Structure formats: structure tokens, C-alpha cells
1. Out of all the residues in segment 394-405, which are surrounded by fewer than 17 Cβ atoms within 10 Å (Cβ to Cβ) and within 27 Å of residue 362 (Cβ to Cβ)?
2. Which condition breaks for residue 132 when tested against (1) under 26 Å from the mean Cα position of the chain (by Cα); (2) part of a strand (DSSP E or B); (3) over 19 Å from residue 243 (Cα atoms)?
3. Test of understanding: among 86, 76, 98, which residue is closer than 27 Å to residue 378 by Cα and not aliphatic (A, V, I, L, M)?
4. So for segment 48-61 (the condition being open to solvent by 20 Å² or more (accessible area, probe 1.4 Å), modelled with pLDDT under 95 and in contact with a Gly (Cβ under 8 Å, 6 or more places away or on another chain)), does at least one residue qualify?
5. Residue check, residue 19 against (1) surrounded by fewer than 19 Cβ atoms within 10 Å (Cβ to Cβ); (2) part of a strand (DSSP E or B), all met but one. Which one?
6. Answer with yes or no whether residue 45 is part of a loop (DSSP other than H, G, I, E, B), open to solvent by 30 Å² or more (accessible area, probe 1.4 Å), within 13 Å of the ligand (Cβ to nearest atom) and of a type outside the set (S, T, N, Q).
7. Report yes if residue 168 is of a type in the set (Asp, Glu), surrounded by fewer than 16 Cβ atoms within 10 Å (Cβ to Cβ) and either away from the ligand (no atom under 16 Å from the Cβ) or over 30 Å from residue 19 (Cα atoms) (or both), otherwise no.
8. Would you mind listing the strands (runs of 3 or more DSSP E) fully within segment 51-128 where at least 1 residues are within 9 Å of the ligand (Cβ to nearest atom)?
Amino acid sequence: MKKVITYGTFDLLHYGHIRLLERAKRLGDYLIVGVTSDDFDRSRGKINVHQSMTDRVKAVRETGLADEVIVEEYEGQKIDDIRKYGIDVFAIGLDWEGKFDYLGAYCKVVYLPRTEGVSSSEIRREKRKVRIGVVGETPVVKKIVNESRYVDGCEITGICSEDGEFMEKEFDLPLKTENFSELIEKVDAVYVASRPGMHYAHIKQALENGKHVLCESPITLSASECRELFDLADKKGCILMDAIKTAYSTAYSRMLLIVKSGSIGKVVSVNAVCTSLRKNENGDKLFYFKNWNSMSAWGPTGLLPVFQLLGVDYKNKKVFSLFDDRAEDYDIYSKIDLEYDGAVATVQVGNGVKAEGELVIAGTDGYIYVPAPWWKTDYFEVRFENGEKNRRYFYQLDGEGLRYEIVSFIKSIESKESIDVIDRRISEKICETVAVTNRKSSKTPR
Ligand code: CTP
């Protein structure tokens, strides 16, 4: 029996795919189709795939052309598969011409002409684009605009900022305005990175006008306001998503799963440090970051692994803050200690101070070590007393997680259902926890 194998993503299965499979099948008696796993696609930078692997496998099966469907999970797997299944012919579209000649050492390699005029990318692009407007003046606004270019199905069409000079100098967008109402009129969704004190008003206005919102955390400066906005989003049938880019990075989310599956035993301590030095050309730390003090700029990121691993119901909280002499509400460094039943957490944040930005999660059997800067990591280690058991994990990270964050937002809008990577209760608790020092209502030492 002559066995043929072919591979592909087969997203939104189309006529071109079917023709390819038909022709591949005719090259032998038995056709094996390798469908790429979601992870494998992500690791090779294919982030826009619409359907899950399960749906893509199902679609290929339903063509009735494949005698067997397998999953392609790693680089180099094709050689393994050819040997394992005793393959005679490897077939692939001509767009890969020359790329798989090396497989000629194991079987015959055939490049088949592509069907003109159709591709998954085109089908994805043809769907109506979500027009996004951005509001704010922090550097992350610029990053979001850049990263959105890698995401199919959206385009940034305008910006609103209090800082006219920043807007003029840094952005080349069709609409630039200092008037938020003008911005939301012309878009389907907004990315909010304004001063934390402005978030509530911006989000409320956007939602009331039926616009979806992706907001830099903290969503607001109180849990009740945050809850109110989530309720409003539900009422309006809009998406409201918390934007903490780390939550969307593969390494971070895999690390959480490893901890949750008990690899390091029971978690007894989470220790996170997040700091950065922030200055404009005049060396003035406060210029861009009015209101983005250490607690609001870094608190959400630092608290994320704590709340995702230990929950939001801590028993006690102590916050120690060092304030900048020039501004009442600008903490240059804060330390948050949280006490849980059977566990503790410490989060240290600094906007204007530099320290080693590590994350250490201690458990009764071992610990997790994520090196600095842990919030944009592609790597972590699981360590044990017996060093031979240590494990290292590496994952692809594109665009610091922002790219995946935008993909999740667009997918949520298209499916009309929030992909809650960050649980709403966590978003609310973050608002409550970082707000205390913001408003200087805490009795922390000066
Ligand atoms: N293919 C084809 N004709 C097309 C599109 C795809 O023959 N018009 C073939 C590819 O050459 C490949 C297989 O179908 O051998 C699976 O391709 P895949 O990358 O999944 O499909 P594309 O439509 O090319 O997807 P994308 O636009 O995301 O690259």
C-alpha cells in the first residue's frame, strides 16, 4: 500500500484545502493528514488562526478524504512521522517549494500547485474589521498600535489624548483628537490607557455608546465601580476586558497550570517584584505618569499571580509605601503583604526604582522561579531540593503578550462572549487593592 502524508493548519477549511487533499490522495492509496496543534502554530508565529485544533481536525475528517488525521506538535516531527507510519510520498502546496526537499532522504517529496484566489488569511481578512480607537498617553499606547498590525480583523483608526504633542509626534492615524466623544463616535471598540482616575468615565461613556472596551489595569479605582462597569457591559452586550499583558503570555499561563496541577505541592508563598525607571527627555519621572504611580502602574501585574494562585479572599493586608517628595499620591515604591489561610504573598512595585524583577512561588514540594523581567518572560524553571528533578520550560513570546491580548479581545468581540483570561473577581480585587494608596486613604508611613 502506498502511503501519502500532508500537513497544514486548515483554518476555516476552504475549496483550496479540499483540492489539495484530493490531489494528495490520488498520489497513493492511503492519506494521512497532519493538522498543526494550536501551540505549534503559536510557536511559529501563526497567531491569527480562528478555529481551535479540535474544530480544524473535525473539518478535515468531515471531508472524508483523510484515512487518518494526526496532530503536528513539534518542529522536526515530519521526519518522525514519515518513519513511524512508513510513508512513501510527502505532499504539500507549492507555496512551500524547496522548503521540504530535506525530506527527500526519507520519502518522495511532491509540491502540488496551489488553488488560485483563496486562502485562510484572505477569508480571515475579509471579515469586517473591528475599528479600535485608543485613549491615553503612556508608552503602552504606542506598543498597542504597533502590535495590532500583526492581528487580523482589527485596525487602529484613531487616538484621543490629553497630550497633544505626544499624539502629533508619535502617531500616524486618520483621527487625532482631544475630544473623547469624537473618538468613540467613529470606532467599534476602545483601548483605554488614560490616567487611572479617568478610566471610569471613559469606560462608562464607551459602553453606554455600545462600544467594546479593553482597559489597562486597574479598570477603575474601586471594586464597586469596576463591578458596575462589568454589569453595564453585560447589559449593553459589550465586551469589557482587563488588559494585563502577562496574563496572555504562553509561558505565564503554562506556569500557572503547572502550579495548579500540584507539581510543587501546596502553594505557601508568592513573591513578585515589578519595577521600572520612567523618565521623559527632561528627566522628569512624573511627566507622562501623572496618576500612574507604582501601585497603579505595577500593582495589577504584581497581584495577578497572587490572586490567580491564592484567590482573592486574603485575611489581612499591609501596604508600606515610599512617596515622592513632589507629589502627594505618587508612591515610588510600595510593598504589599497579604496573609491567607496557610499562605502569604508579597508584591513589591516601583515606578522610579529598579530592583530584580523576579517571581518566586514556593510550595511544599518545590518552587517555581521566573527570572526578571518575569512579567514578559518566555522561560521559567520548576525547582526541587533534588536538583535532578528540576525542569526548564521555554515558550514563544511575541510582542510581550500584547499581541495575544489583542487577539483575545477581537475573538471575544466576534464570538460575542468574553474570553475571561482574567476572572472578573480578580479585576475587581485588583481595583480595590491598588486604590488604597492611590487615594492616600491608607495609614501607611510616609
Ligand atoms: N493550499 C492550496 N491552495 C490554497 C490554499 C492552501 O493548495 N489556495 C494548500 C497549502 O499549500 C497547504 C495546505 O493547503 O499544502 C494547507 O494550507 P494552510 O496553510 O492550512 O492554508 P492557507 O489557506 O494557505 O492558510 P494561511 O492563509 O493561513 O497560510
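The values are calculated or read from the model by the stated rules, or taken from the named source; none is laboratory data. Quick caveat: nothing in here was measured; it's all calculated off a predicted structure. Every residue, glycine among them, receives a Cβ derived from its backbone with ideal geometry; neighbour counts consider all protein chains shown. These area figures cover heavy atoms from the full protein model, side chains too; ligands, DNA and RNA do not enter into them. Shrake-Rupley method; radii C 1.70, N 1.55, O 1.52, S 1.80 Å.
1. Residues of segment 394-405 that are surrounded by fewer than 17 Cβ atoms within 10 Å (Cβ to Cβ), as a first pass: 394, 396.
Scanning segment 394-405 gives a single hit, 394.
2. Just one mismatch for residue 132, condition (3).
3. Values: 86 fails: closer than 27 Å to residue 378 by Cα; 98 fails: closer than 27 Å to residue 378 by Cα.
Criteria check complete, one pass: 76.
4. yes
5. Condition not satisfied by residue 19: (2).
6. Details: part of a loop (DSSP other than H, G, I, E, B): yes; open to solvent by 30 Å² or more (accessible area, probe 1.4 Å): yes; within 13 Å of the ligand (Cβ to nearest atom): yes; of a type outside the set (S, T, N, Q): yes.
Yes.
7. Values: of a type in the set (Asp, Glu): yes; surrounded by fewer than 16 Cβ atoms within 10 Å (Cβ to Cβ): yes; either away from the ligand (no atom under 16 Å from the Cβ) or over 30 Å from residue 19 (Cα atoms) (or both): yes.
In short, yes.
8. 89-93, 108-112
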